[in-house]
Amino acid sequence: MKKSLLVIDIEKEKDKFKKCIEILKNGGTVVFPTETVYGLGANALNEKAVKKIFLAKNRPQDNPLIIHIHSLEMLDMVAKDFPFYTINLFKRFSPGPLTIILPKKDSIPPIVSAGLNTVAIRIPSNYIAKKLLEETKLPIAAPSANRSGKPSPTSFEMAVEEMNGRVDAIINGGNCEIGIESTVIKAEFNKITILRP
Ligand code: AMP
Ligand code: MG
């Protein structure tokens, strides 16, 4: 792959940011900041696009991805038959670093969830992540933007070092506010399990 499009300042480079939205809509890959770590995103509804994430990361296909959505309005696009308390959990902890595992909607290709019938969902608070999600109107599958076995990038420089030339674009959002991965919980009707603190 040729060098990635680097977006240094989304306010001063509005055209480049628009290009990132087009890339995502057209099945490409974009690295973007979130409040936890930088994510490597692609359209979660597009199997070919999601495959590119696994290739860029060298990630084994049995490791499922987190889907990012911009608000609760999008929840029905990705999950189904979720426990009644799910909405309250999201309202209390989102947008923010909480990922909830819920039953997967059939329209999400199996590659996203590594064949599981559940899917991981998060509503990020980082304003660049939010803007991307709002403007694409897509659920975006995005694991951390590192090659497998490397630490998760928490700065633009780290993200470029890991992913330049392996993805279509990389957006600068400075240093990640939190700097560690989200908490992952599984929400079932009779219990909640913490899978990642
Ligand atoms: P990463 O995005 O690289 O921080 O990793 C996402 C984390 O969420 C990994 O630890 C996955 O194993 C976990 N995860 C994603 N989807 C599921 C799922 N359906 N069930 C259980 N864990 C999941
Ligand atoms: Mg990771």
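Using only the alpha-carbon atoms, how far is helix 127-136 inclined from the longest principal axis of the chain? Give it as 0 to 90 degrees, nearest 10.
So the helix axis and the longest Cα principal axis differ by about 80 degrees.
Quick one: which residues, 5 or more positions from GLY41 or on another chain, have an amide H under 5 Å from its amide H? H modelled 1.01 Å from N in the peptide plane, none for Pro or chain starts.
Under 5 Å from the amide H of GLY41: VAL30, VAL31, PHE32.
If we count every other residue with Cβ under 15 angstrom of LYS2's Cβ, Lys/Arg +1 and Asp/Glu -1, where does the sum land?
+3
Quick one: net charge around ASN172, please, counting Lys, Arg +1 and Asp, Glu -1 for every other residue with C-beta under 10 Å from its C-beta.
Here the count lands on -3.
Going by amide H atoms built from the backbone, whose H comes under 5 Å of the H on GLY173, apart from near neighbours?
Placed amide hydrogens put PHE156 under 5 Å from GLY173.
Starting from the Cα of LYS150, draw a straight line to each of the aspartates and glutamates and keep only those under 13 Å, dropping any in the same chain fewer than 8 residues away.
Output for LYS150: GLU161, GLU162.
Which cross-chain or sequence-distant (5 or more) residues have an amide H under 5 Å from the amide H of GLY96, H modelled 1.01 Å from N in plane?
The answer is ILE123, SER125.
Which of the lysines could a cross-linker span from LYS191 if the Cα-Cα distance has to be under 28 Å and same-chain partners fewer than 8 positions apart are dropped?
Reachable lysines: LYS80, LYS91, LYS104, LYS105.
Restricting to the chain, what percent of DSSP beta bridges are antiparallel, rounded to 5?
Of those bridges, close to 60 percent are antiparallel.
Indicate the gyration tensor shape class of segment 8-87 (rounded, prolate or oblate), computed on the Cα atoms with a ≥ b ≥ c the square roots of the eigenvalues: a/c under 1.5 is rounded; otherwise a/b larger than b/c is prolate and the rest oblate.
Since a/c reaches 1.5 but b/c is at least a/b, the shape of segment 8-87 is classed as oblate.
In whole Å, how far is the Cα centre of segment 66-103 from that of segment 153-197?
Cα centroid to Cα centroid, the span is 17 Å.
Can you tell which of SER148, SER182, SER94 shows the greatest fluctuation in a Gaussian network model of the chain with Cα springs below 10 Å?
Most flexible of the set in this elastic network: SER148.
So what is the 222 nm mean residue ellipticity for the chain from helices alone, if each DSSP H run of at least 4 adds -39500 (n - 2.57) and you divide by all residues, rounding to the nearest 500 deg cm²/dmol?
After summing the helix terms and dividing by the residues of the chain, the value is -7500 deg cm²/dmol.
Tilt of helix 14-25 relative to the longest C-alpha principal axis of the chain, in degrees (0 to 90, nearest 10)?
50
Please determine, in degrees from 0 to 90 and to the nearest 10, the orientation of helix 47-57 with respect to the longest principal axis defined by the Cα atoms of the chain, where the helix direction is its Cα long axis.
70
Excluding PRO110 itself, what net charge comes from residues whose Cβ is under 11 Å from its Cβ, given Lys and Arg +1 and Asp and Glu -1?
That sum, taken over residues with Cβ under 11 Å, equals -1.
Determine which aspartates and glutamates satisfy two conditions relative to LYS19: a Cα distance under 16 Å, and not lying fewer than 8 residues away in the same chain.
List returned: ASP9, GLU11, GLU134, GLU135, ASP168.
Go through segment 184-190 residue by residue and turn each phi into a ³J(HN,Hα) via Karplus (6.51, -1.76, 1.60, θ = phi - 60°); whole Hz please, and just put x for glycine and proline.
3J(HN,Hα) across segment 184-190, in whole Hz: 10, 10, 9, 9, 10, 4, 9.
Every number in this text was worked out from the coordinates using simple rules, so none of it is lab data. All values derive from a computational prediction rather than experimental measurement. Counting neighbours? That spans all protein chains shown, and the Cβs are built from the backbone with ideal geometry, glycine included.
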